[in-house]
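Let me begin by presenting the structure, written as structure tokens, before commenting on it.
The values are calculated or read from the model by the stated rules, or taken from the named source; none is laboratory data. Note that the structure is predicted; figures quoted are calculated from it, not measured. Cβ: placed from backbone, ideal geometry, glycine included. Neighbour counts: every protein chain shown.
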Amino acid sequence: MNAALRPRNLVAIVAAAMLASALSAYNIARYAPATGFPAWPFDPASMSLDQIIIAYGLLPRAAVALLCGACLGLSGALLQRLLRNPIAEPATLGISSGAQLAIVAATLFAPGLVDGGRQGVAFGGAALAALIVVGLSWRRGLDPIAMIIGGLLVGITASAISAALVLAQGEYLMSLVSWNGGALSQQDWSTSRNLLLQFFAGALAAAVLTKPLTILGLDDSSARRLGLSVNLIRFAVIAIAVWLAASVAAAVGLVSFIGLAAPAFARLAGVRKASSVLLLAPVYGALLLLLADGVVQLLSSSTGETFPTGAVTALLGGPLLLFLLPRLKLRELPRQTPTIDRVKIRRPWRVVAILFAVVPLLVFLMLTTGRAPAGWVFSVGDVFHELLPWRWPRLAAAGAAGALLAVAGTIMQRITGNAMASPEVMGVSGGAGVGFAAVLYLVEAPGPLEFLIGSIAGSLTVLAIVVGYVLRKSLPPDRLLLAGIAISSFATAILSLLIATGNPRSWQILIWISGTALSVTAEQSVVLMVLAGLVLAGGLSCLRWLEILPLGEAVPSALGMSARRTRIMLFCLAAVATAAASMLVGPLSFVGLMAPHMARMAGFRRAPSHLVAACLIGTILMLVADWAARTVTFPYEQPLGIFASLIGAPYLLWLIGREKP
């Protein structure tokens with residue numbers, strides 16, 4: 001019997017269909033008029049207001065939910081089968097974020113393109129993101145971890161650019177934020193008709209490629225021996241998957257993780273054949289999204305808050321990734337890149353001294369150099385003294401935040417033995433954001449101290465969850481990275497959901513995410529500098545452990561040392577540093593990942609010089625980012641965190657792309 005037709009598969013599908021249908025029927029019945037449901041064909045002239053809402057609002061919304069879920073389910077199944085990566089889907093590979101950026105940019109700068117060619121605009125952005133991610137991991141044989149990290153960086157870069165564009169065009173803010181959340185509200189049947197045609201086109205093309213996909217599931221060499229053009233098939237399948245994901249993005253915005261959940265549920269139901277997964281994934285995707293939208297409508301009616309359905313489905317991603325991690329067969333990332341291994345500094349402290357001397361020089365140049373309406377100016381004398389109270393607090397705070405993130409990233413990379421670990425990737429920054437939002441909603445008139453305590457609590461909670469999960473499951477180091485990404489996705493989904501509600505406090509969360517130094521005070525700058533010094537001193541007090549822990553678990557055991565207590569202490573130190581820095585720059589700077597990398601590539605291998613050099617490099621990077629954020633787009637100023645991520649994420653993408661397997 002075909003796996004797709006086994007009784008338990010049918011029972012699961014029927015149960016999901018009944019639950020989703022019952023919930024949708026209940027939501028529609030709430031609008032049922034005394035005169036009855038509208039009769040087909042619909043005639044607005046003869047309908048009551050409630051009948052019009054049902055005929056042109058609720059019924060098309062249910063149809064759109066089914067079709068969007070089917071498109072995403074099929075897209076995820078195609079990507080997972082092609083890439084042999086069970087956690088690949090449009091959201092984790094940055095495809096949806098690429099479509100988002102393309103539509104946001106077109107909406108702001110070329111609205112004519114959106115009016116007549118939204119699908120083409122979305123497809124172009126999604127295709128570019130997919131090509132970047134695949135190109136980055138091509139030399140590594142499409143390694144799953146490299147693809148997920150590349151997708152994460154592409155997605156964050158695209159989201160950062162989108163946020164910068166939205167913040168620069170405040171009059172479009174709420175409409176774009178609502179669209180980004182994946183709102184399924186409809187006013188007619190046109191979107192349903194378009195999605196139906198697009199899904200059938202994609203499904204037909206996928207059916208033609210089912211047999212080649214089955215052969216590709218073996219390995220590339222076997223497929224070539226059977227006469228299959230591997231690269232051509234890959235290109236065609238990726239094009240279909242991108243087309244389906246872009247269709248959803250163009251129609252309703254971002255709907256995350258349905259493409260991950262639908263094929264996963266199909267496999268958990270016992271399906272193994274490629275053709276059966278491709279058949280069932282759209283069904284599960286359609287039912288999942290219809291069910292999620294039914295829950296959203298039910299919550300909206302009872303609470304008065306309007307939640308975009310796409311923001312709610314994003315909450316599935318973190319828990320589902322954590323559930324799938326122990327079941328994945330992934331190759332571990334190398335601990336160091338070949339470039340790092342070849343470089344060594346004979347006298348590292350001389351270079352550290354040079355870096356230390358560069359910092360005050362940069363500070364002087366950035367305090368005196370800037371742009372004015374007349375052009376570039378060099379402020380001296382009375383002008384310098386007038387500008388100094390405005391410039392030095394934010395510059396000092398930016399440098400301190402860079403130092404904090406760099407020290408936190410260095411600690412994480414050394415104690416995990418993973419060169420891609422950082423506060424941003426492991427979800428610590430996202431946890432700080434959830435703590436920030438919790439204080440905003442739970443504390444009346446919170447101040448900086450309350451926000452700092454909440455951010456530290458959120459960071460520590462995320463670290464405890466990630467490390468505890470990995471230790472409990474006895475997973476290898478590469479899973480620590482993916483567990484962090486899963487928690488980061490969940491934290492980001494919570495923040496996106498809060499922003500998409502349109503609540504007045506959502507503006508404060510959006511400002512925090514973007515990272516702005518405009519309102520920093522002299523007192524806050526001093527506190528951040530003191531914290532940076534204390535965190536660096538704490539790291540230097542644990543140099544012995546920072547030397548031993550990257551060597552693996554066997555070395556501490558052979559020396560008769562227990563590493564658990566020290567790991568916990570160092571993780572807490574990194575969490576405090578991340579929370580303090582995130583208060584200023586938000587969660588997306590990537591200095592915590594970039595500064596330790598740059599220090600290693602420069603040849604700083606030993607823990608003392610590596611830690612101090614990374615701290616200084618992080619300071620320099622954030623000083624430059626703060627200066628550039630207020631001068632590059634003068635007279636408009638970009639948020640510090642977003643501008644830093646626009647520098648950091650492309651650098652890391654380049655680093656992954658040049659890394660050899």
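For the condition among the small types (Gly, Ala, Ser) and not assigned by TED's automatic domain parsing to the domain that holds Leu289, what is the one hit in Ser24, Ser75? Steps first, answer last, please.
Numbers: Ser75 fails: not assigned by TED's automatic domain parsing to the domain that holds Leu289.
Answer to the check: Ser24.
Filtered by the rule that a residue be surrounded by 12 or more Cβ atoms within 10 Å (Cβ to Cβ) and at pLDDT 65 or above, segment 2-21 gives Leu10, Ala12, Ile13, Ala16, Ala17, Leu19, Ala20, Ser21. Of everything listed in (1) modelled with pLDDT under 75; (2) outside any loop (DSSP other than H, G, I, E, B); (3) surrounded by fewer than 20 Cβ atoms within 10 Å (Cβ to Cβ); (4) among the aliphatic types (A, V, I, L, M), the single unmet condition for Met529 is (1).
Scan segment 27-71 for residues that are exposed (fewer than 15 other Cβ atoms within 10 Å of the Cβ) and either assigned to a helix (DSSP H, G or I) or not charged (D, E, K, R) (or both) and report the count.
Taking segment 27-71 and keeping what is exposed (fewer than 15 other Cβ atoms within 10 Å of the Cβ), we get 29-30, 32, 34-36, 39-41, 43-46, 48-49.
Applying the additional criterion that residues be either assigned to a helix (DSSP H, G or I) or not charged (D, E, K, R) (or both) yields 29, 32, 34-36, 39-41, 44-46, 48-49.
Adding up the residues that qualify gives 13.
When the helices (runs of 4 or more DSSP H) confined to segment 554-652 are screened for residues that are at pLDDT 85 or above, those reaching at least 1 such residues are found at 564-585, 591-601, 607-631.
Residues in segment 80-94 that are among the aliphatic types (A, V, I, L, M) and either in a loop (DSSP other than H, G, I, E, B) or at pLDDT 90 or above (or both) were compared, and the one that is nearest to Asn27 (Cα to Cα) is Ala91. Of all the numbered requirements in (1) of a type outside the set (S, T, N, Q); (2) within 29 Å of Ala500 (Cα to Cα); (3) surrounded by 24 or more Cβ atoms within 10 Å (Cβ to Cβ); (4) over 21 Å from the mean Cα position of the chain (by Cα), Val425 misses one, and that requirement is (4).
Only residues that are of a type in the set (S, T, N, Q), assigned to a helix (DSSP H, G or I) and closer than 30 Å to Gly116 by Cβ: list them for segment 205-263, please. Don't jump to the end; show me each part of the working.
Filtering segment 205-263 for residues of a type in the set (S, T, N, Q) gives 210, 214, 221-222, 229, 231, 247, 256.
From what is left, the residues that are assigned to a helix (DSSP H, G or I) are 210, 214, 221-222, 231, 247.
Passing the criteria: only Ser247.
Cβ-Cβ distances below 7 Å connect the following pairs, each with a first residue in segment 253-264 that is under 17 Å from Ser488 (Cα atoms) and not assigned by TED's automatic domain parsing to the domain that holds Ile494, a second residue that is hydrophobic (A, V, I, L, M, F, W, C) and surrounded by fewer than 24 Cβ atoms within 10 Å (Cβ to Cβ), and a separation of six or more residues or different chains: Phe257/Leu316; Phe257/Leu320; Leu260/Leu320.
Looking at this structure, is Ile509 hydrophobic (A, V, I, L, M, F, W, C), under 24 Å from Ala629 (Cα atoms) and either at pLDDT below 85 or in contact with a strand residue (DSSP E or B) (Cβ under 9 Å, 6 or more places away or on another chain) (or both)?
Details: hydrophobic (A, V, I, L, M, F, W, C): yes; under 24 Å from Ala629 (Cα atoms): yes; either at pLDDT below 85 or in contact with a strand residue (DSSP E or B) (Cβ under 9 Å, 6 or more places away or on another chain) (or both): yes.
So Ile509 fits the description; yes.
Suppose the filter is surrounded by 24 or more Cβ atoms within 10 Å (Cβ to Cβ) and closer than 26 Å to Ala122 by Cβ; does Ala236 pass it? Here the answer is no, as Ala236 does not meet what is asked. Only residues that are aliphatic (A, V, I, L, M), in contact (Cβ under 8 Å) with a residue 24 or more places away in the chain and in a helix (DSSP H, G or I): list them for segment 416-456, please. Val428, Ala432, Val434, Ala437, Leu440, Leu452, Ile456, listed by residue number.
Here's the yes/no breakdown for (1) at pLDDT 80 or above; (2) in contact with a helix residue (DSSP H, G or I) (Cβ under 9 Å, 6 or more places away or on another chain); (3) more than 27 Å from Ala314 (Cα to Cα):
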| site | (1), (2), (3) |
| --- | --- |
| Val380 | no, yes, yes |
| Glu386 | yes, no, yes |
| Thr416 | no, yes, yes |
| Ala437 | yes, yes, no |
| Ser455 | yes, yes, no |
| Val467 | no, yes, no |
| Arg472 | no, no, no |
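Among Leu93, Leu74, Leu128, which is the only one that is crowded, with 23+ Cβ neighbours inside 10 Å, within 28 Å of Leu216 (Cβ to Cβ), more than 15 Å from the chain's Cα centre (by Cα) and of a type outside the set (Ser, Thr, Tyr)? Quick ask: steps written out before the conclusion?
Details: Leu93 fails: more than 15 Å from the chain's Cα centre (by Cα); Leu128 fails: crowded, with 23+ Cβ neighbours inside 10 Å.
Selected residue: Leu74, the only one of Leu93, Leu74, Leu128 that is crowded, with 23+ Cβ neighbours inside 10 Å, within 28 Å of Leu216 (Cβ to Cβ), more than 15 Å from the chain's Cα centre (by Cα) and of a type outside the set (Ser, Thr, Tyr).
Only one of the numbered conditions (1) within 22 Å of Ser489 (Cβ to Cβ); (2) at pLDDT 85 or above; (3) touching a Leu at 6+ places or on another chain (Cβ under 9 Å) is not met by Thr191, and that is (1).
Counted as qualifying within segment 271-370 are the helices (runs of 4 or more DSSP H) with 1 or more residues that are surrounded by fewer than 20 Cβ atoms within 10 Å (Cβ to Cβ), at pLDDT 75 or above and not assigned by TED's automatic domain parsing to the domain that holds Ser489, namely 274-303, 317-324.
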